[in-house]
1. What do you reckon, is residue 38 out of contact with any Cys (no Cβ under 8 Å at 6 or more places or on another chain), over 30 Å from residue 224 (Cα atoms), assigned to a loop (DSSP other than H, G, I, E, B) and free of Cβ contacts under 8 Å to residues at least 12 places away in the same chain?
2. Give the residue, chosen from 103, 94, 135, 51, that is open to solvent by less than 60 Å² (accessible area, probe 1.4 Å), of a type in the set (Lys, Arg), closer than 19 Å to residue 3 by Cβ and over 13 Å from the mean Cα position of the chain (by Cα).
3. Mind checking which residues of the range 165-179 are under 18 Å from residue 14 (Cβ atoms) and touching a residue at least 60 places away in the same chain (Cβ under 8 Å)?
4. Cβ-Cβ below 9 Å, separation at least six or inter-chain, first residue in the range 132-151 and closer than 15 Å to residue 110 by Cβ, second aliphatic (A, V, I, L, M) and part of a loop (DSSP other than H, G, I, E, B): which pairs?
5. In this structure, does residue 242 turn out to be closer than 30 Å to residue 58 by Cβ, aliphatic (A, V, I, L, M) and at pLDDT below 95?
6. Does residue 49 satisfy the condition of being modelled with pLDDT under 95 and either touching a Gly at 6+ places or on another chain (Cβ under 9 Å) or of a type outside the set (Lys, Arg) (or both)?
7. Output the residue which, of all residues in the range 15-35 that are open to solvent by 30 Å² or more (accessible area, probe 1.4 Å) and part of a loop (DSSP other than H, G, I, E, B), is farthest from residue 164 (Cα to Cα).
8. Would you check if there is a residue in the range 106-127 being open to solvent by 60 Å² or more (accessible area, probe 1.4 Å) and farther than 26 Å from residue 169 by Cα?
Amino acid sequence: MPKVSVTIITLNEADHIADAIDSASWADEILLVDSGSTDDTVAIARAKGARIETRAWTGYIDQKTFAHSLAANDWIFSLDADERIPPPLASEVRALLATEPARKGYRVPRVAYHLGRWVRTTDFYPDYQTRLYDRRSARWTGLYVHESVTVDGGAGQLVNELQHYSFRDLRDQLDRINHYTTLAARQMYERGQRTGPLALLAHPPAAFLRNYVLRRGFLDGTAGLTISLVNSYSVFLKFAKLWELQSKSQGR
């Protein structure tokens with residue numbers, strides 16, 4: 001049975017790191033790459049038996065690539081500090097690796113806890129993420145946002161969910177949206193994408209309909225309505241920031 005390293009990148013994750021490490025206790029190694037935490041993240045992780053490495057922040061993809069390059073084992077489970085590997089998923093991973101896996105990487109469905117519930121509607125779910133992979137046949141790809149693992153031959157799919165405690169509250173969600181839409185707009189601009197009034201008018205309501213109707217946000221009541229509206233706002237902000245970038249470049 002191949003050994004597995006769980007890798008976690010951190011910056012000031014004292015509120016999350018203990019539970020994240022506990023959920024990965026089944027792994028053969030837990031490797032934490034910290035980028036300068038000023039809280040108790042490193043002390044807590046060390047007390048939990050994690051191996052600690054430090055590296056200045058250079059971006060999500062670089063940090064995760066660095067973590068997987070230092071891991072003691074070729075099979076990696078990449079875990080974020082605000083995520084948990086529940087026992088059913090841990091058992092599924094170990095059962096998969098008990099024989100030669102058919103694939104060199106596997107996606108897991110990720111479920112978010114937000115507004116007092118597990119959200120299994122809207123764009124929040126199933127939010128598949130490739131987290132289990134053999135580093136000899138996979139690599140982290142992307143630019144500023146939406147980092148992902150590209151697997152030679154394509155990824156398989158696991159059944160059990162990865163749990164994600166994504167936001168403390170709506171204020172935290174809006175703060176993150178402001179940050180990530182700036183990165184997303186920059187990424188879109190550098191890839192040659194441009195926008196205008198039609199996109200600003202069309203994309204946000206389309207995002208709301210997708211979230212609330214097609215992806216059944218209405219089943220989650222007020223929470224589903226709120227998430228659908230906030231997700232459509234995120235889309236508007238992304239395109240508005242893209243328009244701002246292109247306007248500045250044209251000297252307007």
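The values are calculated or read from the model by the stated rules, or taken from the named source; none is laboratory data. Nothing here was measured: the structure is a model prediction, and the numbers come from that model. Heads up, the Cβs are rebuilt from the backbone with ideal geometry, glycines too, and the neighbour counts pull from every protein chain shown. Surface accessibility is based on the protein's heavy atoms, side chains included, excluding ligands, DNA and RNA. Shrake-Rupley method; radii C 1.70, N 1.55, O 1.52, S 1.80 Å.
1. When the stated conditions are applied, residue 38 does not pass them.
2. None of the other options fit; the residue is 135.
3. 165, 166, listed by residue number.
4. 132/155; 132/158; 149/155
5. When the stated conditions are applied, residue 242 does not pass them.
6. no
7. Restricting to residues being open to solvent by 30 Å² or more (accessible area, probe 1.4 Å) and part of a loop (DSSP other than H, G, I, E, B), the top hit is 28.
8. Looking through the range 106-127, at least one residue is open to solvent by 60 Å² or more (accessible area, probe 1.4 Å) and farther than 26 Å from residue 169 by Cα.
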